[in-house]
Amino acid sequence: MAKINPILIRDVSEGILQKIDNMISPPNSVYVAVNLLFHKHLGRAVLRKGITKLGNDLSGVCYGLYQFIKTDGSTKLLTTFHDGKMYSLETATWTERASGAMTSGTKVRFTTYLDTVVAVDGTAKKSSVDGVTWVATGGNFDVGNMPAGKYIIEWRDKVYVAGTAANPDRLHFSSLPIDGAVSWTDDTAGHIDIEPEDGAGGITGLAKVPGYLLIFKERSLKRWNGQTTFPEDLISVGAQNQEAIVLARQTVFYWNERGVFETQGGYPRKVSRRIQDIVDAVDPAYQVSGWSDKENVYFSIGDIEIEGSELSNCVIVYHLDSQSWALLSFPKDFRAWYGRVNNGETIIVGDATGNVWTLFEGISDDGADINWMLQWQENEIGYRSRYKELSRFIVFTERVNNATFFVKSETSDFEPKGKVNSNVEIITEDARGRYFKFKLIGSGTSAEIIGLEIPETNIVVSQQI
């Protein structure tokens, strides 16, 4: 029987790449991986860090998360949950601010301008100069006269509000600051209606890029330069909600039912083609949310099923420099994201069960080991038409002490072939087929997956077709 060259898979720097025939798939890509990152140690897959609880337990779904940073450097971490109460973090305890209560069961969005923070939820609107005492009238935002919208943003020294119940297509704008405060009754304040006849639904979010304020609807995207919304440039790729719109460097990334898109004010470019099987597995009813640490873009996408595996509380990660994708799974469903400045920058997330977490802190998920998985691309090992008999597999890892190696021959199920407990693990087991899939599943608090080798002396090619 004929022999062929050994198979050596020692590079996964391309990350996840799906819906591509294995004849043209890059050899340094994988079909799917869970809780492994590809940009930490180029060429290897590295287990993500864990999550650590921030503050005490609250209750219900997190509907808002924000850090108010004043020009004097003082900060206040703010959150709201399903009860509509406003909480601030005092040392290590979330403290209720009764005067800042919002409407129960509504998402709360924040923005900072004129050294003041404002919170809106579509019905209530309140502002604060210290993050502790909240007012519903007056202040630097003229909050009593401000429209009761769902979305708020500052752009070019004006405050913009959208998503009012009476006019879901209307974009309101304030005056320029006068004596340190904006006005909503001044002659220079006003509004514009964003093509209510376009059939794209009401406004779902606001964002800004250099030169433009972006106005999202469910099925369209408009841009405003302070003078025109360019009606001739209607873009029919909108965003699901405000939380699914993320600014990373000078680019806005956002989730649409077709995937993740990026724009700097021009026609959006789809960047999630590489993970299309994951995109297709997302429940259309799930409210996607995200954030960027200026190195990666993160989106919570809920529970999915892929290749027969059910994965909970998933997050997709796009690395801006390598443009590679990773898939993470957590013990909690993250509903709100924000960046926290506190002796460095970290990401904080609010979940659906009354907790706020610091992301990628520690080596475990609140004390529990982190489950991980890596499935390489399908491999024909030469000609697809010929049967191959494999009898030895060598798995290369670091700091892995609880993993199992699986092989899938053609259309059969994945079969466990052996345990991986050392940096170089030799597994002597047989597999026969014309094409194969290889998978490694494990758990722990640290791990690096280096690669896989099938020695040439252990590959026999049959002449049978």
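Order Tyr160, Tyr286 by their accessible area, 1.4 angstrom probe, all chains in place, largest first. Walk me through the numbers on the way to the answer.
On the way: Tyr160 10, Tyr286 35 Å².
Largest to smallest exposure gives the sequence Tyr286, Tyr160.
Report, by chain and number, residues whose modeled amide H sits under 5 Å from the one on Ala248, excluding near sequence neighbours (fewer than 5 apart, same chain).
Those lying under 5 Å, H to H, from Ala248 are Phe253.
Roughly how many Å² of Thr358 are accessible to a 1.4 Å probe, to the nearest 10?
Roll a 1.4 Å probe over it and Thr358 shows about 10 Å².
Rounded to the nearest 500 deg cm²/dmol, what is the calculated helix-only ellipticity per residue at 222 nm for the chain, with -39500 (n - 2.57) per DSSP H run of length n ≥ 4? Don't skip to the answer; put the middle values down first.
Details: 1 runs with 5 residues, N = 465.
Theoretical 222 nm ellipticity from helices: 0 deg cm²/dmol.
Within the range 10-110, list the GluC sites (Glu not before Pro) lying in a DSSP loop whose Cβ has at most 14 other Cβ atoms in a 10 Å radius.
Details: sites: Glu14, Glu90, Glu96; in loops: Glu14.
Of the GluC sites (Glu not before Pro), not one in the loops of the range 10-110 has a Cβ with at most 14 other Cβ atoms within 10 Å.
Along the positive direction of the dipole of the chain (beta-carbon charges: Lys, Arg +1; Asp, Glu -1; about the Cα centre), which of Trp376, Ile306, Ala189 reaches farthest?
Checked the options; the winner is Trp376.
Lys53 to Thr75: extension gain in nm, 0.36 nm per residue of separation minus the Cα-Cα distance? Provide the component values of the computation, followed by the final result.
Numbers: separation 22, 0.36 × 22 = 7.92 nm, distance 1.94 nm.
Between Lys53 and Thr75, full extension yields 6.0 nm more.
Got a sec to turn the phi values of the range 328-335 into Karplus ³J(HN,Hα) couplings, 6.51 cos²θ - 1.76 cosθ + 1.60 with θ = phi - 60°, whole Hz, x for Gly and Pro?
10, 9, 10, x, 10, 8, 7, 10
Whole percent per 10 Å bin, from 0 to the bin with the longest distance: what is P(r) over all C-alpha pairs of the range 134-286?
Percent of pairs per bin, in order: 11, 39, 32, 14, 4, 0.
List the chymotrypsin sites (Phe, Trp or Tyr not before Pro) within the range 367-465 that fall in a DSSP loop (any state other than H, G, I, E or B) and whose Cβ has at most 15 other Cβ atoms within 10 Å. Present the calculation step by step, with values, prior to reporting the outcome.
Numbers: sites: Trp372, Trp376, Tyr383, Tyr387, Phe393, Phe396, Phe405, Phe406, Phe414, Tyr435, Phe436, Phe438; in loops: Tyr383, Tyr387, Phe414, Tyr435.
Counting only loop positions with at most 15 other Cβ atoms within 10 Å, the chymotrypsin sites (Phe, Trp or Tyr not before Pro) in the range 367-465 are Tyr383.
Describe numerically, in nm with one decimal, the distance between label points set 7 Å from Cα along Cα→Cβ at Thr228 and at Ser385.
For the pair Thr228/Ser385, the computed spacing is 6.1 nm.
[x] -0.32, -0.43, -1.13; [y] -0.41, -0.53, -1.15; [z] -0.27, -0.36, -1.15: which one is log10 I(q)/I(0) by the Debye sum over Cα atoms at q = 0.06, 0.07, 0.13 Å⁻¹ as calculated from this entry?
So the calculated entry is the one marked [x].
In whole Å, how far is the Cα centre of the range 119-151 from that of the range 30-95?
24 Å
Ala181 to His82: extension gain in nm, 0.36 nm per residue of separation minus the Cα-Cα distance? Before the final figure, lay out the partial values.
Details: separation 99, 0.36 × 99 = 35.64 nm, distance 3.12 nm.
Taking 0.36 nm per residue and subtracting the Cα distance, the gain is 32.5 nm.
Given Thr75, Ala98, Thr397, which one lies farthest toward the positive end of the charge dipole of the chain, if we put +1 on the Cβ of every Lys and Arg and -1 on the Cβ of every Asp and Glu?
Thr397
What do you get for GluC sites (Glu not before Pro) in the range 323-410 restricted to DSSP loop and a cutoff of at most 13 other Cβ within 10 Å of the site's Cβ?
Numbers: sites: Glu345, Glu361, Glu378, Glu380, Glu389, Glu398, Glu410; in loops: Glu361, Glu378, Glu380, Glu410.
Listed in order of number, the matching sites are Glu410.
Hey, can you grab everything whose amide H is under 5 Å from the amide H of Ile306? Only 5+ residues off in sequence or another chain; H modelled, so Pro and N-termini drop out.
Excluding prolines and chain starts, which carry no amide H, the hits are Leu311.
Keeping all protein chains in place and using 1.4 angstrom, which order do Asp293, Asp280 fall into by accessible surface area, from largest down?
Numbers: Asp293 60, Asp280 95 Å².
So, going from the largest accessible area down, we get Asp280, Asp293.
Ratio to report: Rg/Rh of the range 367-465, with Cα atoms as the point set and Rh obtained by the Kirkwood method; give two decimals. Display every interim value, and only then the final one.
Working: Rg = 14.1 Å, Rh = 14.0 Å.
Taking Rg over the Kirkwood Rh, I get 1.01.
With label points built 7 Å along Cα→Cβ from the Cα atoms of Ser462 and Ile426, find their separation and express it in nm.
2.7 nm
Compute, for the chain, the length of the dipole vector about the Cα centre, with Cβ point charges of +1 (Lys, Arg) and -1 (Asp, Glu) only. Units Debye, rounded to 20.
Numbers: 47 positive and 58 negative charges, 146 e Å.
Computed charge dipole of the chain: roughly 700 debye.
For Glu345 and Asp280 in one chain, what is 0.36 nm times their gap in residues minus the Cα-Cα distance, to one decimal in nm?
Values: separation 65, 0.36 × 65 = 23.40 nm, distance 3.28 nm.
Full extension from Glu345 to Asp280 adds 20.1 nm.
My understanding is that a pair violates if its Cα-Cα distance is over 31 Å; which of Lys125/Lys332; Lys217/Lys439; Lys53/Lys437; Lys53/Lys217; Lys40/Lys125 do that in this structure?
On the way: Lys125/Lys332 29 Å; Lys217/Lys439 41 Å; Lys53/Lys437 38 Å; Lys53/Lys217 35 Å; Lys40/Lys125 42 Å.
As for pairs spanning more than 31 Å Cα to Cα, those are Lys217/Lys439; Lys53/Lys437; Lys53/Lys217; Lys40/Lys125.
Rounded to the nearest 10 Å², what accessible area does Arg219 show when all protein chains are kept and the probe is 1.4 Å?
Probe radius 1.4 Å; accessible area of Arg219 about 110 Å².
Describe numerically, in nm with one decimal, the distance between label points set 7 Å from Cα along Cα→Cβ at Glu90 and at Glu398.
4.6 nm
Using a 1.4 Å probe, how large is the accessible area of Arg434, given in Å² and rounded to the nearest 10?
70 Å²
May I ask for the Rg/Rh ratio of the range 1-96, computed from Cα atoms with Rh as the Kirkwood radius, given to two decimals?
On the way: Rg = 23.3 Å, Rh = 18.1 Å.
Checking Rg against Rh, the ratio lands at 1.28.
Provide the FRET efficiency to the nearest 0.05 for the Ser446-Met23 pair, computing r from the beta carbons and using R0 = 30 Å.
Efficiency at R0 = 30 Å is approximately 0.25.
Starting at the first residue of the range 139-145, write each ³J(HN,Hα) from the Karplus equation 6.51 cos²θ - 1.76 cosθ + 1.60 with θ = phi - 60°, in whole Hz, x for Gly and Pro.
x, 5, 9, 6, 5, x, 9
Once the principal axes of the Cα atoms of the range 413-458 are found, what is the range along each, listed largest first in whole angstroms?
36, 25, 15
What is the magnitude of the charge dipole of the range 8-101 about its Cα centre, with +1 placed on the Cβ of each Lys and Arg, -1 on the Cβ of each Asp and Glu, and no other charges, expressed in debye to the nearest 20?
Numbers: 11 positive and 8 negative charges, 41 e Å.
That gives the range 8-101 a dipole magnitude of about 200 debye.
The values are calculated or read from the model by the stated rules, or taken from the named source; none is laboratory data. What you are looking at is a predicted structure, and each value in this text was computed from that prediction instead of being measured. In this analysis, Cβ positions are derived from the backbone assuming ideal geometry, glycine residues included, and neighbour counts consider all displayed protein chains. Accessible surface is based on the protein model in full, side chains and every heavy atom, while ligands, DNA and RNA are left aside. Shrake-Rupley method; radii C 1.70, N 1.55, O 1.52, S 1.80 Å.
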